[in-house]
Amino acid sequence: MKKDTWTFTNNRNNESFDFDILDGSRGPAVVDTASFYKQSGMFLHDPGFNSTSGCASDITYIDGNKGELRHRGYDIEELTSKYKYLDICYLLLNKRLPNKKEAFDFDMELRHRSFIHTGITELFASFRDNAHPMATLSASISALSTFYFEHLDIESPAEMRLMESRIIAKIPTLAACAFRHSQGVPLIFPDIERSFTENFLYMMRAFPDGKMPLVDGKQKFIKDVEVRALDTIFSLHADHEQNASTTAVRTVGSTGAHPYAAISAGVSALWGKAHGGANEAVIHQLEMIGDISNIDTYIAKAKDKQDPFRLMGFGHRVYKSYDPRAKILKRLKDELRDELGIDGRLIKIADKLEEVALNDEYFIKRNLYPNVDFYSGLILIALKIKTNMFTPIFVIGRTVGWITQLAEQLEDKSGRIVRPRQLYVGK
Ligand code: ACO
């Protein structure tokens, strides 16, 4: 059968080269240009990888025009309405949803693996207490690679499976340590009696002796609605195919580095405000706007090409329609507004800002819609989480995606080290 090909013709010398067109199971076809340099002696130039596919993957599918997000074939709406975060983790890792027993065993396994070596807690003591939790979190994850090293064989699926559950289980503990250190509060260990998500809230809030703070003379407990809201936030961040942080993880992983070093690179890549750091920046921006009467001034700044100001939580490389994760969070914040006590003043500014932007020619022409970071912060504030922990919470949710992507890459024996080329313009 004749293969579909794309012919590149060089009008400098009329040379032509054919490249195979490959079809995925969904989404745009790709042109296999791996031999482009060998055949033509030229490189393909695509800074920011606007049009470049770097791998084949069966984990997550996004249709940015339709605003569709699927993990292992399941739509994100279905996953977040019917399943918990740990079920989604299981789905990503095992390519199928767990049955009741598997879900229970996975939950128990993670509870047991959630403890960290005291050497790691001592490491936190050496960090400055005003350090951002993303910095200490990234460093502590990297330090985890000083453990579990001697016998690590990343070629072994069984060892990778252990690595996967260890890292997913330990990240909330490390994130809580990063927060407590930033507040000058002694670190505490996980409470194995609590579920994954509740345990994280517990480690953020509890006194050093493990007791919960007293409110009106009664010990404050963690509300189910708070656990549900945070679990949904974790679920919405679980994976997002080849974004900047996942690409960082795959790039480091392609060299054969320790998986935890690769995850730590992902954390660092996520920190920037063009990526996961936007959730923290959104709240600072809403505070800065301060009142709906100031919205027009900030919209004008966002449109002014001489002004570096951008509307945080707006725009996305892939979504050219409403980000489906933002849609779910917008609904969730409206549903939980009274129960959680979400800050009405900031909601008013956010809702109005969205309305004005979505009706403005500049935003319409560029397909700029709210992304996942636009509404998550409003919910996190209601959970009494400080803004410096918004991006670490993104890390907790995304770790499963990073480690699943890394495992997929390591299983692909045809994989090569990631090594782009350049257009040299120097002397
Ligand atoms: N506010 C104002 N203008 C914007 C915004 C924004 N938030 N985002 C994009 N634009 C404009 C750009 O100025 C550009 O305009 P031009 O064509 O006149 O030059 C056009 O829209 C395209 O923008 P690019 O920067 O080329 O788009 P890119 O795909 O490279 O960037 C990004 C995507 C980084 C998300 C960008 O939209 C942005 O900076 N948004 C704000 C930060 C943010 O919310 N990041 C979180 C993303 S979601 C995540 O990572 C979890």
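The values are calculated or read from the model by the stated rules, or taken from the named source; none is laboratory data. Since the model is a prediction, treat every value here as computed from it, not as a measurement. As a convention, Cβ positions derive from the backbone with ideal geometry for all residues, glycine included, and neighbour counts pool all protein chains shown. Ligands, DNA and RNA are excluded from the accessible area calculation, which covers all protein heavy atoms including side chains. Shrake-Rupley method; radii C 1.70, N 1.55, O 1.52, S 1.80 Å.
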Go ahead and collect, in residue order, the members of region 51-67 whose backbone nitrogen is under 20 Å from a label point 7 Å along the Cα-Cβ direction of S414. 52-60
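If you average the sequence gap of Cα pairs under 8 Å that are 6 or more apart and divide by the length of the chain, what percent do you get for the contact order? Present the calculation step by step, with values, prior to reporting the outcome.
Details: 571 pairs, mean separation 81.6, N = 427.
This gives 19 percent for the chain.
May I ask you to list the chymotrypsin sites (Phe, Trp or Tyr not before Pro) in region 318-427 that are in a DSSP loop and have at most 13 other Cβ atoms within 10 Å of their Cβ? Don't jump to the answer; show the numbers that get you there.
Working: sites: Y319, Y322, Y362, F363, F374, Y375, F390, F394, W402, Y424; in loops: Y319, Y322, Y424.
Of the chymotrypsin sites (Phe, Trp or Tyr not before Pro), the ones in loops of region 318-427 whose Cβ has at most 13 other Cβ atoms within 10 Å are Y424.
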About its Cα centre, region 166-267 carries a charge dipole, from +1 on Lys and Arg Cβ atoms and -1 on Asp and Glu Cβ atoms, whose size in debye to the nearest 20 is 220
Rounded to whole Å², per residue accessible area for the chain with a 1.4 Å probe reads 51
Wrap a convex hull around the Cα atoms of region 130-198, take a quarter of its surface area, and give that in square nanometres. 5.6
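Per residue and in Å³, how big is the convex hull formed by the alpha-carbon atoms of region 367-411? Could the numbers behind the result be given before it?
Details: hull volume 3.9 nm³, N = 45.
Convex hull volume per residue, Cα atoms: 86 Å³.
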Report the one residue of S264, G290, G276 whose Cα lies farthest in the direction of the positive end of the charge dipole of the chain (charges on C-beta: Lys and Arg +1, Asp and Glu -1; origin at the Cα centre). G290
Leaving out ligands, DNA and RNA, what percent of the accessible area of the chain is carbon and sulfur, probe 1.4 Å? 52
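How high is the relative contact order of region 1-118? Use alpha-carbon pairs under 8 Å, at least six apart in sequence, and give a whole percent.
Reported as a whole number, the value is 11 percent.
Cα-Cα over 23 Å: which of K223/K386; K95/K273; K3/K38; K327/K365?
Details: K223/K386 18 Å; K95/K273 31 Å; K3/K38 20 Å; K327/K365 20 Å.
Long pairs (Cα-Cα over 23 Å): K95/K273.
Only Cα pairs under 8 Å and at least 6 apart count here; give the relative contact order of region 102-213 as a rounded whole percent. Mind dumping the intermediate values first?
Numbers: 105 pairs, mean separation 37.4, N = 112.
RCO, region 102-213: 33 percent.
Taking 0.36 nm per residue of sequence separation and subtracting the Cα-Cα distance, how much length would be gained by fully extending the chain between R421 and A300, in nm to one decimal?
Values: separation 121, 0.36 × 121 = 43.56 nm, distance 3.87 nm.
Length gained, R421 through A300: 39.7 nm.
What's the local net charge at A357, with K and R +1, D and E -1, over the other residues with C-beta under 14 Å away?
Value of the local net charge: 0.
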What does the charge add up to near M134, with Lys and Arg as +1, Asp and Glu as -1, over the other residues with Cβ less than 12 Å from its Cβ? 0
For region 48-103, what log10 I(q)/I(0) values come out of the Debye formula at q = 0.12, 0.27, 0.28 1/Å, with one point per alpha carbon and no solvent? -0.34, -1.12, -1.16
Bin width 5 Å, alpha-carbon pairs only: give the P(r) of region 338-419 as whole percents, running from 0 to the bin holding the largest distance. 3, 11, 15, 14, 13, 12, 12, 9, 6, 4, 1
With no solvent and one equal point scatterer per Cα, compute the Debye intensity ratio I(q)/I(0) for region 1-142 at 0.21 Å⁻¹ and report its log10, rounded to two decimals. -1.23
Which net charge results when you count Lys and Arg as +1 and Asp and Glu as -1 among the other residues whose beta-carbon is under 15 Å from that of K38? -1
Rounded to the nearest 20 debye, dipole of the chain from Cβ charges on Lys, Arg, Asp, Glu: 500
Is there a quick way to get the dipole size of region 218-279? I mean about its Cα centre, with the Cβ of Lys and Arg at +1 and of Asp and Glu at -1; what is the value in debye to the nearest 20? 280
Residues of type aspartates and glutamates that K211 reaches as a straight line, Cα spacing below 20 Å, ignoring anything fewer than 8 places off in the same chain: D191, E193, E198, D224, E226
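Between E155 and N11, what FRET efficiency follows from the Cβ-Cβ distance if R0 is 41 Å, with the result rounded to 0.05?
On the way: r = 46 Å, r/R0 = 1.13.
Between E155 and N11 the formula returns 0.30.
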Using label points projected 7 Å from each Cα along Cα→Cβ, tell me how many nm separate D291 and Q39, to one decimal. 6.4
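Decide, for region 287-363, between rounded, prolate and oblate: order the square roots of the alpha carbon gyration tensor eigenvalues as a ≥ b ≥ c, take rounded if a/c falls under 1.5, and otherwise choose prolate if a/b is larger than b/c, else oblate. Please list the in-between numbers first.
Working: a/c = 2.45, a/b = 1.34, b/c = 1.83.
Oblate shape, in that a/c is at least 1.5 and b/c is the bigger or equal ratio.
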Checking rank on 247-258, 306-317, 170-181, with mean other Cβ inside 10 Å and highest first, the result is 170-181, 247-258, 306-317
Equivalent-ellipsoid semi-axes of region 82-217, from the Cα gyration tensor, Å, largest first: 27, 21, 11
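For region 5-70, just say rounded, prolate or oblate: build the C-alpha gyration tensor, square-root its eigenvalues into a ≥ b ≥ c, call rounded for a/c under 1.5, and beyond that prolate if a/b exceeds b/c, oblate if not.
Numbers: a/c = 2.53, a/b = 2.24, b/c = 1.13.
Cα axes put region 5-70 in the prolate bin.
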Taking every pair of Cα atoms in region 71-427, average 1/r, invert it to obtain the Kirkwood radius, and report Rg/Rh to two decimals. 0.97
Compute the normalised compactness of region 267-314: alpha-carbon radius of gyration over 2.2 N^0.38 Å, N being the residue count. 1.23
